[in-house]
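The values are calculated or read from the model by the stated rules, or taken from the named source; none is laboratory data. No experiment lies behind these values; they were computed from the predicted model shown. Cβ coordinates were reconstructed from backbone atoms using ideal geometry, including for glycine residues, and neighbour counts include every protein chain displayed. Protein only, heavy atoms only, side chains kept; ligands, DNA and RNA dropped before computing areas. Shrake-Rupley method; radii C 1.70, N 1.55, O 1.52, S 1.80 Å.
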Amino acid sequence: MSNKKKKKNNMKKKKDVPIEAFKDMSAEYGDKAWNILEHAIRRIYNHNARNILSFEELYRNACNMIFHGFGEKLYSGLVAIMTSQLKEMATSVAATRTSSFLKELNRKWNDHSKALRKIRDILMYMDTTYIPKTNKTPVYELGLSLWRENVIYSNQIRTRLSNMLLVLVCKDYAGEVVDRKLIRYITNMLMDLGPSVYMQEFENPLLQVSAEFYRAESQKLIERYDCGDYLKKAEMRLNEVIDKVSHFLDPSTQKKITIVVEKEMIENHMLRLIHMENSGLVNMIGDDKYKDLIRMYNLFRRVTGGLSQIREVMTSYIRDYGKQLVTGPERLKNPVEFVQRLLDEKDKFSRIINLAFSNGLNLWSENVIYSNQIRTRLSNTLWELVCKYYAGEVVNIKVIRNITNMLMDLGPSVYVQEFENPFLQLPAEFYRAESQKFIECCDCGDYLKKAEMRLNEVIDRVSHFWDPSTQKKITIVVEKEMIENHMIRLILMENSGLVNMIGDDKYEDLSRMYNLFRRVTGGLSQIREVITSYIRDYSKQLVTDPERLKNPVEFVQRLLDEKDKFSRIINLAFSNDKLFQKDLYSSFEFIINLNPRSPEYISLFLNDKLQNGLKGISEDVVEITLNKYYKKHLAKRLLSGKTVSDDAERSLIAKLKTECGYEFTAKLEGMLTDMKTSLHPMKSFYASHPELGDADGATLTVQVLTTGSWPTQSSVTCNIPTEMVVLCEKFLLYYLSNHTDRKLSWQTNMGTADLKATFENGQKHELNVSTYQMCVLMLFNNADRLSYKEIEQATEIPASDLKMCLQSLALVKGKNVLRKEPMNNYVSEIDAFFVNDKFSRKLYKVKIGSVVAETEPEPEKLKTQKKVEEERRPQIQASIVRIMKSRKKLEHNNLVAEVTKQLQSRFLANPTEVKKQIESLIERVFLERDNSDRKLYRYLA
């Protein structure tokens, strides 16, 4: 916690990430590049993009901004300019007169969509590198979100939009002519903005308005017509609404609105219709009105409790009528006539049930569907239509759907027998021939793309005219014909199979194979078997090759490289599948055990890395490496007490000393010496102050660090709590009285503290915090609520450190001992803080981590930069060749984007450097430019 006065150390902590781009551009460059892009975006929105820079130049400007560290400036600037443009659009739409309001809104939406696509293409590099890394919203989704917030949710537009849509729908319900296409455009826009927007702004109000419309409609009809005529009108309205909503509503709304109409037109009037005077159910039975009875049955079966109402009235009617017949003395005089009358009534009601109540469907099946003149013709006609549809011809899907619905209404057995079973053979035959054609002319990767496309198509197709019960069956049929029947051939396909994909790092194709093969039985086991066999065979050659065994270090390094390669494949392509991970582990366990000298080789490998890992590197680079990495990590381990043993640390330092010399390890040895020598002053201090040994009071542990040995920062003081100030002053007096001519300065930014805390809910915890965190938390012993300014004034902690400190105390989930207002994910100077009374953890001791500031590394020397670039060039060239070999021809910007994406797991490729390597490959006749389009490259080698 204390340190002698130390010199300012300019070394900054480097993040443990892959080598980053060199950020040597000035802020003026970032401003200039952004001004060019901002001007271009404005011109795009204003339909005046002709005289701006070319697409390639704009793309390069955006790439350079990301590459040179101006990603946040580019992203925030994009948000600002798009917000500004959309607010202007919203103002224009809001000012439009009522008759043209929706058309103007749709026109602006189309303009924004077109502009958004162009902007997304220009900022493609930001979309593929900067945005995933920073977890920001991609460009296209950002455009949708800003349109929603600035236009749709605008106070001048939101209510007006909803009201005008509902007015048009009501006019359509009433039979007036409306622009259904325009309504469809607007509802599609709302769906593009998200289902929640569509439901909130249109669907929910529409369902309410529809209920009100058909409630009034049904009341008007039931007052004017008898039961039979009302049922005709209700049936007509239901058919109309199903047809109407299909023109401008999303399919998800159609079922909901049908339920609303059924409730208002039928369910709410069931009892009145059944008991309607002179025309209700009893009158229909008495007058043999079979058509009306069929209509009532079909309508009432659509609503809850409808058929039970009919059954109840019919049962009551039959019993009352039969009771009169049985108890009438006149009718009992002739027994024969009495029995015949009973049989006649029984036949009458049986006929009603057969013809009107469901069994009439059996009559339709027997007399129509199964007739000799219709059955075969129906099947042949459906077969012909479906064949044309699969062949890509235009057919009337609605007719096919209506026929399949009819067959389902006649019963699942009729549907399965007359349609499903025969037609399941069609996709099997069609996709069997299709797959055979593909596999003969395509390599494995291309075949998998076509198979994936076909599966997605068939899922979309079957939804148009197959019953949902059939969709899963037909998907299984297609999976069997397109994937399962060709698994072995695809995996072992020459020059493009699974082994070739692994060798060429084709992660996209491997991922596609994994996702397709997992859909069929035994698919993944086939992949696992081949990969396991490949790993073992390849590595067996490595292990048993006497030439490769001569160098133990190279042998172990090669095995580690192979292990890393397959781990990357499993992670990127196989969804980190645990079974594949298990197979990889067992395979390398098998490989290691093949060589009885493996333990010896591994030991030699580790020894070599400790002894020779730094050979061939200049002294300056070695010193930088020690300062940036090992020295800082060692300091962190020692000060936090996390080192396993001093002997292990000294052993490693001794090896570094042998290799690099005394001057490189003197500071490291000094750090270990400081930790050892700090123990004696503390024992002596407490021995001379026995009153400080109270276990319930504050205690102090000090490590006295030698200036220059430790990777400390410049000394920055803060106001330590009063309880600790007394102890610190006593230690200073004691230490300086025993060590003359020395000067101590407190390094408060490097210390830690253990605080015993009791919260209002009764929870007690011991909090392990940094010194800065301790200073902040101790303030709340005397205050319930403190503002940021009050904390800053009381502690005098530097602003940047204070914000990180408060962030770790209030915003880290599970460790937030403080709470803040307003509650958001950052700390600002207007925030207020108070104790989280509900804080609770299972463990008594809780470590509150510190949020680490991300600092940019120092500009590397030109020599180092050139060396890094030289090492990257072969990788960039190899990536270009792999992509072009697969794609054969590709446009410049797409090639740069794909190279960047392929290499992003290793480093961020500079678009300028990629272009240089493309030129190099053209000179070496690997690629050539297209004669008609200079931006298009063709693969030659």
For residue 805, solvent-accessible area (1.4 Å; no DNA, RNA or ligand), Å²: 10 Å²
On the formula 1/(1 + (r/R0)^6), with r taken between the Cβ atoms of residue 57 and residue 666 and R0 of 41 Å, the FRET efficiency rounded to 0.05 is 0.15
Test of understanding: what is the full-extension gain from residue 167 to residue 99, defined as 0.36 nm times their sequence separation minus their Cα-Cα distance? 23.3 nm
Between residue 751 and residues 5 or more places away or on another chain, the pairs with built amide H atoms under 5 Å apart involve 771
Accessible area, probe 1.4 Å, largest first, for residues 184, 377: 377, 184
Stretch residue 933-residue 140 to full length: gain in nm at 0.36 nm per residue minus the Cα-Cα span? 282.7 nm
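Give me the percent of accessible area attributable to carbon and sulfur for region 211-312, probe 1.4 angstrom.
On the way: 2390 of 5070 Å².
The computed percentage sits at 47.
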With a 1.4 Å probe and every protein chain left in place, work out the accessible area per residue of region 27-154 in Å², rounded to a whole number. 45 Å²
Just to be sure I understand the model, the point goes 7 Å from the Cα along the line to the Cβ. What's the resulting residue 679 to residue 590 distance in nm? 5.1 nm
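When ligands, DNA and RNA are left out and all protein chains stay put, how many square angstrom of accessible area per residue does region 751-854 have with a 1.4 Å probe?
Accessible surface, normalised per residue, equals 57 Å².
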Just to verify a number: FRET efficiency for residue 236 and residue 576, C-beta to C-beta distance, R0 = 56 Å, to 0.05? 0.45
Expressed per residue, the solvent accessible area of region 158-304 in Å² (1.4 Å probe) is about 47 Å²
Potential extension, residue 845-residue 743 segment - 0.36 nm per residue separation minus Cα distance: 33.2 nm
Along the Cα→Cβ direction, 7 angstrom out, place labels at residue 553 and residue 923. What is the inter-label distance in nm? 3.5 nm
Rounded to whole Hz, the Karplus (6.51, -1.76, 1.60) HN-Hα couplings of region 721-728, x for glycine and proline: x, 4, 4, 8, 4, 4, 5, 4
For region 751-854, with all protein chains present and a 1.4 Å probe, just round the carbon and sulfur fraction of the accessible area to a whole percent. 48 percent
Can you classify region 880-941 as rounded, prolate or oblate using the Cα gyration tensor, where a ≥ b ≥ c are the square roots of its eigenvalues, rounded means a/c under 1.5, and otherwise it's prolate if a/b beats b/c and oblate if not? prolate
If you plug each phi of region 384-398 into the Karplus form 6.51 cos²θ - 1.76 cosθ + 1.60 with θ = phi - 60°, what whole-Hz ³J(HN,Hα) values come out, in order, with x for Gly and Pro? 5, 5, 5, 4, 4, 5, 5, 7, x, 7, 7, 10, 7, 5, 4
In nm, the gap between the two label points placed 7 Å beyond Cα toward Cβ at residue 492 and residue 387 is 3.6 nm
Let me check against my output: what whole-number percent is the relative contact order of region 27-154, with C-alpha pairs under 8 Å and at least 6 apart? 32 percent
Distance between the C-alpha centers of region 482-513 and region 886-931? Whole Å please. 25 Å
Please give the FRET efficiency for residue 118 paired with residue 789, using the beta carbon to beta carbon distance and R0 = 41 Å, rounded to the nearest 0.05. 0.35
Explain nothing, just compute: Karplus ³J(HN,Hα) = 6.51 cos²θ - 1.76 cosθ + 1.60, θ = phi - 60°, for every residue of region 779-788 in order, whole Hz, x for Gly and Pro. 4, 7, 6, 10, 8, 8, 8, 9, 7, 4
Once amide H atoms are placed 1.01 Å from N in the peptide plane, what residues at a sequence separation of 5 or more from residue 708, or on another chain, have their amide H within under 5 Å of its amide H? 7
Just the number, please: carbon plus sulfur as a percent of the accessible area of region 27-154, 1.4 Å probe, no ligands or DNA/RNA counted. 48 percent
